[in-house]
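Structure first, then comments.
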Amino acid sequence: MIWLNLRSIQTQLDFQPAIPDSLYVFARFGHVLLIVALLAATGAHWTVLQSVAWTTMLADNLRRASFSDALQRTFDGKHPCALCKNISAGKKSEKKVEFPFQSKKLEFTHTGTRFVFAAPAHFWLAGASDDSLQSVSHAPPAPPPKQLHG
C-alpha cells in the first residue's frame, strides 16, 4: 500500500523561493537605524525627549489634580521636571557647528575661442534613388490589361 503525504505534495506544488525571515529583520533594523540617525542629525532627538518628558509630567500631574489643572501645570514652564531641566541643559551645552559664509570672488580668465571644422573620417555620397517620381508620371498603358480568370 502506498501512503501519500498531501502536505509534502502541496509544498512541492506551491514552490516559493525560501527567503529567511532574518533578511526582513535586518531590513527593518536598517530602517530603524536610518530613522534614528536622521533624528539625531536634525536635532529632533530633543523634541522626542521633550515629548516624553511632557507626557510623564502630565501623567504625574493627573494623579494629583484635575485635567485642566494638570495640563496648565505641565505646560506653564514654572514647574519643570528633572528631565525637562536636563533637556534644556543639554540643548545649551550642545556645540553648534556653524559654517561661516565666505563669499569669494570668482575669477574667470578669458581664453580665445577657436572653432575647428573637420570632415568625418567615413562618409558616402547619397546618390539619386531609382525609385523616383518619374515612374509615377507616366501614363497608364493604352488598353487596360485584361483580367485573367483563373
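The numbers here are math on the coordinates, done by the rules we state, and not lab data. On a predicted model such as this, the values are computed, not experimentally measured, just so you know. We place every Cβ from the backbone using ideal geometry, glycine too, and count neighbours over all the protein chains shown.
Hey, rough spin-label estimate for Lys91 and Leu49, points 7 angstrom out along Cα→Cβ, what's it come to in nanometres?
1.1 nm
Can you tell me what percent of all Cα-Cα pairs in region 43-94 are more than 12 Å apart?
On the way: 831 of 1326 pairs.
Distances greater than 12 Å cover 63 percent of the Cα pairs.
Dipole of region 43-94 (Lys/Arg Cβ +1, Asp/Glu Cβ -1, origin at the Cα centre): which of Ser51, Ala82, Gln72 lies farthest to the positive side?
Looking along the dipole axis, the top candidate is Ala82.
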